[in-house]
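The values are calculated or read from the model by the stated rules, or taken from the named source; none is laboratory data. If you're wondering where the values come from, they're calculated on a predicted model, not measured in any experiment. Neighbour counts run over all protein chains shown; Cβ positions are idealised from the backbone, glycine included. Ligands, DNA and RNA are stripped out before the accessible areas are found, and what is left, the full protein with its side chains, is counted by its heavy atoms. Shrake-Rupley method; radii C 1.70, N 1.55, O 1.52, S 1.80 Å.
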Amino acid sequence: LSTSAESLAKLLHDVLDLAKIEAGKLDIVPRPYEPRELVADVIDQLAPAAGAKGLEVAASTAADVPRTLVGDAGRLRQVLINLVGNAIKFT
């Protein structure tokens, strides 16, 4: 029940974001974040789903990526989760 509720909430959030994009009202919140930590968190979050399908998910970050960036980490996380989640789902 909890997993279904989380999935429904995520879907609703994605639909609302799409509506905001189409209306030109999407707010970007630029703040400092650590890209390596963000990528590692996304991989950790999606590793169980990959493992359930017999897949291994891993990531590496180029050495020249700055330790800290300024941007909307929440939006970037959302994009990465969607990309990696779809890769797992359709593999």
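Report, to the nearest whole %, how much of the accessible area of the chain belongs to carbon and sulfur atoms, 1.4 Å probe, protein only. Can you show the working numbers first?
Numbers: 4150 of 6770 Å².
Taking all protein chains in place, the chain shows 61 percent carbon and sulfur surface.
Under a 5 Å amide H cut-off, with hydrogens placed 1.01 Å from N, Gly71 pairs with Arg31, Tyr33 among residues at least 5 apart or on other chains.
In debye to the nearest 20, how big a dipole does the chain give about its Cα centre with +1 on each Lys and Arg Cβ and -1 on each Asp and Glu Cβ? Please report the intermediate quantities before stating the final value.
On the way: 10 positive and 12 negative charges, 21 e Å.
That gives a dipole near 100 debye.
Loop-located GluC sites (Glu not before Pro) in region 3-91 (DSSP state not H, G, I, E or B) with no more than 16 neighbouring Cβ atoms inside 10 Å: Glu56.
Which whole-number percentage describes the relative contact order of the chain, with Cα contacts under 8 Å and a sequence gap of 6 or more? RCO, the chain: 35 percent.
Could you please state, rounded to a whole Å, how far the C-alpha centre of region 54-84 is from the C-alpha centre of region 1-32? The distance from the Cα centre of region 54-84 to that of region 1-32 comes to 18 Å.
Identify the trypsin sites (Lys or Arg not before Pro) of region 47-91 meeting these criteria: DSSP loop state and at most 16 other C-beta atoms within 10 Å of the C-beta.
Details: sites: Lys53, Arg67, Arg75, Arg77, Lys89; in loops: Lys53, Arg67.
Hits after loop and neighbour filter: Lys53, Arg67.
Converting phi to 3J(HN,Hα) with the Karplus coefficients 6.51, -1.76 and 1.60 and the offset θ = phi - 60°, region 58-65 yields 8, 8, 9, 10, 4, 4, 8, 6 Hz in sequence order, with x at every glycine or proline.
Entry comment: accessible area of the chain is 74 Å² per residue, from protein heavy atoms only and a probe of 1.4 Å.
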